[in-house]
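Asker: The structure under discussion is supplied below as structure tokens; questions concerning it will follow.
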Amino acid sequence: MGKKDSNVRMSLQTLRVLEAFLENPTVQLAGAEVHQRCGIASGTLYPILLRLESAGWFVSQWESVDPSIAGRPRRRLYRLTSTGLRRASEVFASFNRGVLA
Amino acid sequence: MSQRNERSTQPELGGVTHWLIHHAARRAPESLSSRLEEEWLADSESRSSPLSRLHFAVGCCWATMVIAADYPRSRVPAASPVAAARGFVTLIDRNFAYFSLRSGTLFLIAGLHAALFFGLIALSHTHGLATPPNLQNTVVDPVPPKILPPQPPGMEVKDWMVRVPRPVVPEPRNIEVEKDPTTEVIEKSQEPYSPPQPFETPTQVVQQVAGGPGAGFPETTDFYPSVSIHLAEEGFSTVRVCVDKRGRLTSEPTTVKGSGSTRLDEAALKLARAGSGHYRATTEDGHAVNSCYPFGIRFQLKK
């Protein structure tokens with residue numbers, strides 16, 4: 001998504017989204033699944049997903065199904081990048097240090 | 001009954017949900033519009049209840065506003081130049097629509113207030129400049145200042161009061177002449193003396209004593225003409241003399257009223273001249289002053 005900016009404004013909702021992906025960094029999650037895991041409303045969730053994707057922390061791709069066969073639209077699946085994984089780990093590590101210290 | 005109602009409302013809510021998602025995706029950046037619409041439709045299908053889908057669709061409308069704010073024009077990827085142009089125009093339209101939706105209303109209200117304000121100012125200015133026709137083009141000549149003649153140096157009018165010197169009010173003289181065996185000097189003029197009327201009523205009464213023949217005044221017998229004695233002429237002559245403070249004549253005596261005999265009148269004038277220095281000066285409040293007064297001289301033969 002264009003020029004990537006690795007700096008992401010960290011909010012509680014952003015941390016909860018990252019936490020959902022860090023449980024299994026290799027998993028691809030759609031927005032509906034993230035909503036089920038985090039309980040974040042759509043009005044807040046999709047801007048966060050797009051923000052993280054724009055920052056290069058996430059990559060997204062369409063689900064490899066035929067809508068006519070599946071009888072539903074394709075889902076957009078998100079996945080952590082290596083950069084996203086590293087940065088998200090650093091963010092949580094800093095929070096843990098701060099809390100434990 | 002309730003199941004029938006639920007079934008009848010499901011298509012309606014589904015239609016609303018699809019319309020909201022489609023509307024929200026259309027207001028998103030052009031590069032994300034189709035993607036978000038498909039993604040949101042797919043995610044909405046995962047919701048179980050229609051109300052949950054409707055809630056999800058409403059959230060998508062809110063998400064569109066946030067995404068539009070997060071994704072400026074430069075960050076929107078363009079798949080092709082045509083798409084880029086379309087996206088640019090669409091962004092302009094959307095930005096303009098967003099601008100007109102919120103700020104536009106504010107600017108419109110502010111503009112209306114400004115127009116009303118300037119209109120009121122212009123109206124008041126117009127009324128302020130309007131003047132009645134009778135007051136227009138009326139030139140009033142300036143009143144020339146009064147030019148006073150310059151005063152001579154050193155003379156300044158202190159006030160407007162004119163100080164008039166106190167008038168001298170002469171009183172009737174009491175002429176005393178020493179008794180003579182042959183002649184008789186009348187002390188008082190036969191004609192009553194009428195003093196000049198003052199212009200104004202004197203504000204101060206002056207005690208004045210008229211003068212007359214005094215000590216050492218010549219005898220009338222020495223001046224009785226011999227011819228008159230032989231002719232037995234008798235008469236009464238009134239002369240007027242002006243005497244200074246010392247009793248001396250200041251001017252030539254004159255005959256006020258003759259006796260009928262020229263010789264007796266001339267003898268009276270000689271007597272008056274000879275008496276210079278022996279007149280009693282007129283006094284005012286005890287002070288001798290210069291004065292003129294008449295007195296009578298009687299030439300009478302002794303019998």
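The values are calculated or read from the model by the stated rules, or taken from the named source; none is laboratory data. These figures come from a predicted structure and were not determined experimentally. No Cβ is skipped: glycine too gets one built from the backbone with ideal geometry, and neighbour counts run over all protein chains shown. The protein model used for the area step is the full one, side chains on, heavy atoms only, and it has no ligands, DNA or RNA in it. Shrake-Rupley method; radii C 1.70, N 1.55, O 1.52, S 1.80 Å.
Asker: Given the criterion in contact with a strand residue (DSSP E or B) (Cβ under 6 Å, 6 or more places away or on another chain) and either closer than 14 Å to A:A32 by Cβ or aromatic (F, W, Y) (or both), identify the matching residue among A:R79, A:R74.
Answerer: A:R74
Asker: Of the residues A:R97, A:R86, only one is among the basic types (K, R), over 20 Å from B:S34 (Cα atoms) and at pLDDT below 90; which?
Answerer: It is A:R97.
Asker: So, in segment B:216-249, exactly how many residues are free of Cβ contacts under 8 Å to residues at least 40 places away in the same chain and under 60 Å from the mean Cα position of the chain (by Cα)?
Answerer: 0
Asker: Just to verify a result, which residue in segment B:19-41, among those that are outside any helix (DSSP H, G or I) and over 16 Å from A:L45 (Cβ atoms), is farthest from the other protein chains (Cβ to nearest Cβ)?
Answerer: B:R27
Residues checked against (1) at pLDDT 90 or above; (2) touching a Gly at 6+ places or on another chain (Cβ under 7 Å); (3) assigned to a helix (DSSP H, G or I); (4) surrounded by fewer than 18 Cβ atoms within 10 Å (Cβ to Cβ):
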| residue | (1), (2), (3), (4) |
| --- | --- |
| B:F217 | no, yes, no, no |
| B:R240 | yes, no, no, yes |
| B:V256 | yes, no, no, yes |
| B:E266 | yes, no, yes, yes |
| B:R273 | yes, no, yes, yes |
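Asker: Could you look through segment B:42-65, keep only residues that are of a type in the set (D, E, K, R) and at the interface with another protein chain (Cβ under 8 Å from one of its Cβ atoms), and pick out the one that is surrounded by the fewest Cβ atoms within 10 Å (Cβ to Cβ)?
Answerer: Selected residue: B:E45.
Asker: Next question, about the same structure. Can you say whether B:E252 is under 60 Å from the mean Cα position of the chain (by Cα) and either without any contact (Cβ under 8 Å) to a residue 60 or more places away in the chain or open to solvent by less than 70 Å² (accessible area, probe 1.4 Å) (or both), as far as the supplied structure shows?
Answerer: Taking the combined requirement at face value, the residue does not satisfy it.
Asker: Within segment A:2-87, which helices (runs of 4 or more DSSP H) (wholly inside it) include 3 or more residues that are within 13 Å of chain B (Cβ to nearest Cβ) and crowded, with 17+ Cβ neighbours inside 10 Å? Working first, answer last.
Answerer: Values: elements: A:12-22, A:31-38, A:42-55, A:67-70.
Qualifying helices (runs of 4 or more DSSP H): A:31-38, A:42-55.
Asker: Take B:T282 and tell me if it is surrounded by fewer than 20 Cβ atoms within 10 Å (Cβ to Cβ) and polar (S, T, N, Q).
Answerer: So B:T282 fails the test.
Asker: Here's something else I'd like to know. Identify, from the list B:K257, B:K245, the residue that is farther than 12 Å from B:C292 by Cα and charged (D, E, K, R).
Answerer: That would be B:K257, the only listed residue that is farther than 12 Å from B:C292 by Cα and charged (D, E, K, R).
Asker: Return the residue satisfying two criteria in turn: it lies in segment B:275-303 and is in contact with a Ser or Thr (Cβ under 8 Å, 6 or more places away or on another chain) and not in a strand (DSSP E or B), and of such residues it is modelled with the lowest pLDDT.
Answerer: Restricting to residues being in contact with a Ser or Thr (Cβ under 8 Å, 6 or more places away or on another chain) and not in a strand (DSSP E or B), the top hit is B:K302.
Asker: Right, B:A288: of a type in the set (G, A, S), open to solvent by less than 60 Å² (accessible area, probe 1.4 Å) and touching a Phe, Trp or Tyr at 6+ places or on another chain (Cβ under 8 Å) or not?
Answerer: Judged against the criteria, B:A288 is not a match.
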